[in-house]
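Every read-out reported here was derived from the displayed coordinates using simple, explicitly stated rules and does not represent laboratory data. Quantities reported herein were computed from a predicted structural model and do not represent experimental measurements.
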Amino acid sequence: MIKSFFQSFLFICLVIGVVVLSVAYAVFLVGSPAEQRALQLDQRRVSDLQQIASALDIYWQRNQRLPQSFDEFKNQDFYVQSIGDPETGVPYEYRVTGEKTYELCAVFARESYAKSLVRPFADPWVHQGGRACFQKEVTPRFQPL
């Protein structure tokens with residue numbers, strides 16, 4: 001009877017141990033929920049900046065100049081999901097640096113994944129953690145006749 005109880009107890013402890021180790025390994029592989037949230041927010045920031053860059057291309061093509069601020073984006077018919085950080089709501093930084101050049105800046109929670117790859121400069125949106133700025137040049141889009 002005692003032997004049976006001890007075997008059952010040992011089996012239950014073993015099962016609990018396997019479950020705990022499995023959960024710990026899963027968290028190690030995919031990161032904690034906080035890490036995943038930070039990663040998703042950084043991905044959203046990059047997506048926002050890409051949309052802003054595309055909108056600036058269109059704006060330049062229509063007006064032959066860059067807007068001086070995001071306020072000039074209002075009442076335009078191109079899509080920009082957000083000009084502000086998804087976590088804080090603070091607008092991204094935008095500064096005109098030349099006739100067809102500008103700078104977009106955002107604050108990122110983490111270093112981008114592509115930064116650690118063999119060709120880190122293949123992605124123009126590679127960034128460090130913290131404040132990162134991207135120097136961009138207008139790329140006019142093709143207009144059909």
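Descriptive notes on the structure:
- Phi-based couplings in Hz for region 52-65 (Karplus 6.51, -1.76, 1.60; Gly and Pro marked x): 5, 4, 5, 5, 5, 4, 5, 4, 5, 4, 6, 10, 6, 7
- Distant-in-sequence amide H partners of D85 (H built 1.01 Å from N, under 5 Å): V90, Y92
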